[in-house]
Amino acid sequence: MPLIRHLMLSAAFLALPAHAKTAGVEKDTLTLGFIKLTDMAPLAIAKEKGFFDDEGLSVTLEAQSNWKVLLDRVLAGEIDGAHMLAGQPLASTIGYGTAGELIAPIALDLNGNAITVSNAVWELMKPGLALDAAGKPVHPIPASALVPAIEDAADMGRPFSMGMVFPVSPHNYELRYWLAAGGINPGFYSPDDTSGQIGADVLLSVTPPPQMPATLEAGTIDGYSVGEPWNQAAVAKGIGVPVISDAAIFQQNPEKVFGLTKAFAEENPNTVIALTKALIRAQMWLDAEGNVNRAEAVEILSSPDYVGADAAVIANSMTGTFEYEKGDKRDEPDFNVFFRGNAAFPYYSDAVWTLTQMRRWGQIAEAKPDAWYDETAKSVYRPDIFTEAAKQLIAEGRATEADFDFDADGYRDPNATFIDGVVFDGTQPNAYLDSFAIGLRTGQTVSGGEVIN
């Protein structure tokens, strides 16, 4: 497959006057859902910069209280589509959790999350950390650094607990990946126990993103995995310390997608093309010319209509930096990636990676052949829709061929951009799963509270 291009995007193609609405739009008045996170930015920018309008779409953006409510409302047809966790369309389609056929015509972003611990946990971690010449912790910080805090909790007769946003969220899988890479078992799911805590060294549970800082401050959890601005909010409030960003766990981490029901897409194909075009333009705008537009994006996102957090807190991650321990601000230009590096392309391999993590931790109870992963990915992720939308933008002069890499087979090259150095090849999911020391392998299931060979 061709190499992914690193593109410097020209704002000139984003500012052309409207002159070519998508032909034959079937439904022009739409309501789209989102959760109050900075990576909902493509939706906010498409609305505020007029990209939806250019396609003849009147779009209302509506914040949802949590990921389950968002998913249920899309499936029920109460909202037309939404900013979704990468795992949600896949899980629903295979019948894990709330069942329903969904598609994802575009990836909204890569990366964007971090793992934060309480101040008390951080104090127990620090003595074991390597320091650089300036006396600051060397990153990435391995999960093994949590062991003193886990042992301390056990000595006090309580479990060490961490929050994540949803069972099929990238946040759950990133947190589990990081823990397992550090030799800590995050626990398994089974058909009769969906807690995800079977055999766990630490207990993971669901907390809605905006509630993470308050839950940490209350002492209900010892840490959490969440998107922005809720890690930086802990720093600003002085209640916690982010210890690793998800880009350091998995550099090209598939994070959010735009999800719709398969039925809506079949009934309104031109509307879906129009939505995808507007979102692509928003993503191009967000990553244009070395992120020149990010400061304006921060101001837009800080509105109560969108994220509703302090602009300075949002800027800490959205403008190419990330603050860890208070005062320890580091350059992280890829903390949020919306378009560059083909980030918007809905790769089958990204879907396969998410499915492997579902299988690794028992959400997919039985082993599946490699072909099943490929077929499932292709039933949900729709690069054909993305490609048609992009080609229309090129024909309209709103983008150029050089802005896109229309990947021939939909699979990224095998890569080792993970904290543990394990190589992921999306065409060989079972071999990938069998390479881990912690996690289900071929032939293994979870039953009666234990792993069965």
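The values are calculated or read from the model by the stated rules, or taken from the named source; none is laboratory data. Not measured: the values here are computed from a predicted model. Ideal geometry is used to build each Cβ from the backbone, glycine not excepted, and the neighbour counts take in all protein chains shown. The area values use the complete protein model at the heavy-atom level, side chains included, leaving out ligands, DNA and RNA. Shrake-Rupley method; radii C 1.70, N 1.55, O 1.52, S 1.80 Å.
If only one of 78, 55 is open to solvent by less than 10 Å² (accessible area, probe 1.4 Å), modelled with pLDDT of 95 or more and more than 25 Å from residue 221 (Cβ to Cβ), which one is it? Talk me through it step by step, then tell me what you get.
Numbers: 78 fails: open to solvent by less than 10 Å² (accessible area, probe 1.4 Å).
From the options 78, 55, the qualifying one is 55.
Highlighted here are the strands (runs of 3 or more DSSP E) found entirely within the range 130-219 that include at least 2 residues which are more than 24 Å from the chain's Cα centre (by Cα): 193-198.
Could you tell me whether residue 198 is open to solvent by 10 Å² or more (accessible area, probe 1.4 Å), touching an Asp or Glu at 6+ places or on another chain (Cβ under 7 Å) and among the hydrophobic types (A, V, I, L, M, F, W, C)? Judged against the criteria, residue 198 is not a match.
One residue stands out among those in the range 81-124 that are under 23 Å from residue 230 (Cβ atoms) and charged (D, E, K, R): the one that is surrounded by the most Cβ atoms within 10 Å (Cβ to Cβ), which is 109. Looking across the range 351-379, the residues that are within 20 Å of residue 180 (Cα to Cα) and either in contact with a strand residue (DSSP E or B) (Cβ under 7 Å, 6 or more places away or on another chain) or acidic (Asp, Glu) (or both) come down to 353, 354, 361, 362, 363, 365.
Conditions (1) in contact with a helix residue (DSSP H, G or I) (Cβ under 7 Å, 6 or more places away or on another chain); (2) at pLDDT below 95; (3) open to solvent by 20 Å² or more (accessible area, probe 1.4 Å), marked per residue:
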position	(1), (2), (3)
130	no, no, yes
134	no, yes, yes
143	yes, no, no
159	yes, no, yes
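Of the residues making up the range 384-405, not a single one is open to solvent by less than 50 Å² (accessible area, probe 1.4 Å) and either part of a strand (DSSP E or B) or closer than 30 Å to residue 197 by Cβ (or both).
Do you know which residues across the range 324-383 are of a type in the set (Ser, Thr, Tyr) and at pLDDT below 95? Full working, then the answer.
Filtering the range 324-383 down to residues of a type in the set (Ser, Thr, Tyr) leaves 324, 347-349, 354, 356, 373, 376, 379, 381.
Those that are of a type in the set (Ser, Thr, Tyr) and at pLDDT below 95: none in the range 324-383.
Here is a yes/no grid of residues against (1) surrounded by fewer than 20 Cβ atoms within 10 Å (Cβ to Cβ); (2) out of contact with any helix residue (DSSP H, G or I) (no Cβ under 7 Å at 6 or more places or on another chain); (3) more than 19 Å from residue 361 (Cα to Cα); (4) modelled with pLDDT under 95:
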site: 147; (1), (2), (3), (4): yes, yes, yes, no
site: 163; (1), (2), (3), (4): no, no, no, no
site: 173; (1), (2), (3), (4): no, no, no, no
site: 210; (1), (2), (3), (4): no, no, yes, yes
site: 215; (1), (2), (3), (4): yes, yes, yes, no
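When you check residue 333 against the structure, is it part of a loop (DSSP other than H, G, I, E, B), surrounded by 16 or more Cβ atoms within 10 Å (Cβ to Cβ), on the phi < 0 side of the Ramachandran plot and under 22 Å from the mean Cα position of the chain (by Cα), yes or no? Criteria not met by residue 333.
When the residues of the range 25-52 are narrowed to those that are open to solvent by 50 Å² or more (accessible area, probe 1.4 Å) and in a loop (DSSP other than H, G, I, E, B), which ends up modelled with the lowest pLDDT? Before you say what the answer is, go through the steps one by one.
Keep residues of the range 25-52 that are open to solvent by 50 Å² or more (accessible area, probe 1.4 Å), which gives 26-29, 36, 47-49.
Applying the additional criterion that residues be in a loop (DSSP other than H, G, I, E, B) yields 26-28, 36, 49.
Numbers: 26: 98, 27: 98, 28: 98, 36: 95, 49: 98.
The residue in question is 36.
Within the range 315-330, the set of residues being open to solvent by 10 Å² or more (accessible area, probe 1.4 Å) and touching an Asp or Glu at 6+ places or on another chain (Cβ under 7 Å) comprises 316, 320, 321, 329.
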